[in-house]
Amino acid sequence: MKLSVIGCGYLGAVHAAAMASIGHDVVGIDVDQRKVEALAKGIAPFFEPGLPELLTGGVASGRLRFTTDMTAAADAVVHFIGVGTPQSKDGYAADLTYVNAAVDGLLPYLKPGDIVAGKSTVPVGTAAELAPRVTATGATLVWNPEFLREGWAVQDTISPDRLVAGVPSAPTGEPSAEGERAADVLREVYHPAVAADTPFIITDYATAELVKVAANAFLATKISFINAMAEIAEVTGADVTQLADAIGHDARIGRRFLGAGIGFGGGCLPKDIRAFSARAEELGRGESVSFLREVDAINLRRRDRAVQLVVEALGGAVHEKVVTVLGAAFKPHSDDIRDSPALDVAVRLRGLGADVVVTDPQAIPNARLKHPQLTYVEDRDEAIAGADAIVVVTEWDEYRRQLSPQHASTLTAGRIVVDGRNCLDAAAWRAEGWTYFGMGRP
Ligand code: UGA
């Protein structure tokens, strides 16, 4: 099928490349000339395992191209909207400027029978508001949220655990004939996942929009729940990692996303729970999700706690102490530093007067652009050399598995390690003479 993808950021670039890899003829369209040029050469503008191969393969096959020219959308029959919906500058609500611009830019090129599939994360009610503009061209609007995780984006796009589409409804609430047809077209688009019996939920606009924000709100709540338990563990001497293991064995709870530490960050969870709160307030149901404010507050407190641990470990002041921060990305397998708890901890330590050295396998270029005041060292061992304390804030394998306390001891005389992700073997570090501090574990 001929597809267009409007917006070639994380979501759009991966979607375009993945759709080409399953046989579609795809044009990716973005306003950013430099991004388009890189993508057209098969170069990924961000670090995402597997994406470079998909891009080069797609471009070489002729099934994948990128342009800034919206007229290229005219040939396509399904148009995906994958632009960003960042947090507004003046509040918690999502900024829909880019979604509106993408839809308006696309309108002149839509034909009767085309499908416009929104993938961006939007406040509930957005699709219903956009639909009349799309319908006036004879095209159909569907909302088709995306659940990909950075670091696993290619796999999540090609083999998702579920597909969701909000389609136009008849007055009965069931999909209208137009909605049924749109759902059939999407089944054709996602043919490998459909053939693999991936659950495909066809629903209305509001449900599809809510599924996405509800999923992210649930994940954020799960993380803040275990971090709240970490706070209790800290005053009782309990070990939150053992607690998570024990409750995680209950299949109704599950161990995933019970990793206590410095909390969640990135371009999605933090802004999505805030936008959800803002939208619920607008709908007069603020109290229904008022707990999300608490989820946010717990999350931010864990960064304070990590900083406090470093200060205490260094005798009450970090002034002129060398602190090596292992990690800058908001999570491993990513070079994304948006709302990164790791970098936040580094910046705060520097604000307290520490001599902060930051290292990360992928995120240094992005981190340096945003926080040029920090010192960055590419090589992990060089970064650790001479540190009074080391702080693990992103659980890359380079720090979690591949850095033994024995080896660290050869790099520095400092013997303090703060494990902001509870990812180290505390006993092994202690046995080597290090003073180990975890997040909610003794
Ligand atoms: C998240 C969701 O997991 C995806 O399903 C969703 O599609 C995506 O947002 C989105 O809306 O686009 P992502 O932001 O890539 O994906 O990252 P996650 O893997 O969810 O991790 C988010 C943050 O939570 C990271 O900072 C991570 O370190 C932290 N985290 C995760 C914890 O602190 N503890 C855990 O146990 C798990």
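The values are calculated or read from the model by the stated rules, or taken from the named source; none is laboratory data. From a predicted model like this one, the values you see are computed outputs, not experimental measurements. Note: ideal-geometry Cβ built from the backbone for every residue, glycine included; neighbour counts use all protein chains shown. Just the protein is used for accessible areas: all its heavy atoms, side chains included, with ligands, DNA and RNA removed. Shrake-Rupley method; radii C 1.70, N 1.55, O 1.52, S 1.80 Å.
Please work out which residue is nearest to the ligand (Cβ to nearest atom), limiting yourself to region 357-390 and to residues that are of a type outside the set (S, T, N, Q) and over 22 Å from F47 (Cβ atoms). My answer is I390.
If the condition is being in contact (Cβ under 8 Å) with a residue 12 or more places away in the chain and either farther than 25 Å from A101 by Cβ or open to solvent by less than 50 Å² (accessible area, probe 1.4 Å) (or both), then region 44-53 contributes A44, F46, F47, E48, P49, G50, L51.
A342 fails exactly one of the following numbered conditions: (1) open to solvent by 10 Å² or more (accessible area, probe 1.4 Å); (2) in contact (Cβ under 8 Å) with a residue 40 or more places away in the chain. What is the number of that condition? Among (1) open to solvent by 10 Å² or more (accessible area, probe 1.4 Å); (2) in contact (Cβ under 8 Å) with a residue 40 or more places away in the chain, A342 violates only (1). Within region 116-125, identify whether any single residue is more than 13 Å from the ligand (Cβ to nearest atom), within 17 Å of A214 (Cβ to Cβ) and more than 21 Å from the chain's Cα centre (by Cα), and answer yes or no. Yes: one or more hits. Residue-level check: of (1) closer than 30 Å to R301 by Cα; (2) surrounded by fewer than 22 Cβ atoms within 10 Å (Cβ to Cβ); (3) more than 11 Å from the ligand (Cβ to nearest atom), L148 misses just (3).
State all residues of region 1-43 that are more than 29 Å from R187 (Cβ to Cβ) and either crowded, with 16+ Cβ neighbours inside 10 Å or in contact with a Lys or Arg (Cβ under 7 Å, 6 or more places away or on another chain) (or both); if no residue qualifies, say none. Residues satisfying the conditions are V31, K35, V36, A38, A40, G42.
Checked against the criteria, G327 does not count as surrounded by fewer than 19 Cβ atoms within 10 Å (Cβ to Cβ) and either among the small types (G, A, S) or under 22 Å from G91 (Cβ atoms) (or both). Out of curiosity, is R293 exposed (fewer than 15 other Cβ atoms within 10 Å of the Cβ), basic (K, R), within 19 Å of S88 (Cα to Cα) and without any contact (Cβ under 8 Å) to a residue 60 or more places away in the chain? Taking the combined requirement at face value, the residue satisfies it. Can we say R302 is without any contact (Cβ under 8 Å) to a residue 12 or more places away in the chain, under 30 Å from T85 (Cα atoms) and within 26 Å of the chain's Cα centre (by Cα)? So R302 does not fit the description; no.
Does any residue in region 261-281 that is within 9 Å of the ligand (Cβ to nearest atom) come within less than 6 Å, Cβ to Cβ, of a residue that is basic (K, R) six or more places away or on a different chain, and which pairs are these? From residues that are within 9 Å of the ligand (Cβ to nearest atom), the pairs are G261/R421; I262/R302; I262/R303; G263/R302; G266/R338; G267/R338.
Just one of the listed residues (A128, A136) is under 30 Å from P199 (Cα atoms), open to solvent by 30 Å² or more (accessible area, probe 1.4 Å) and away from the ligand (no atom under 16 Å from the Cβ), and it is A128.
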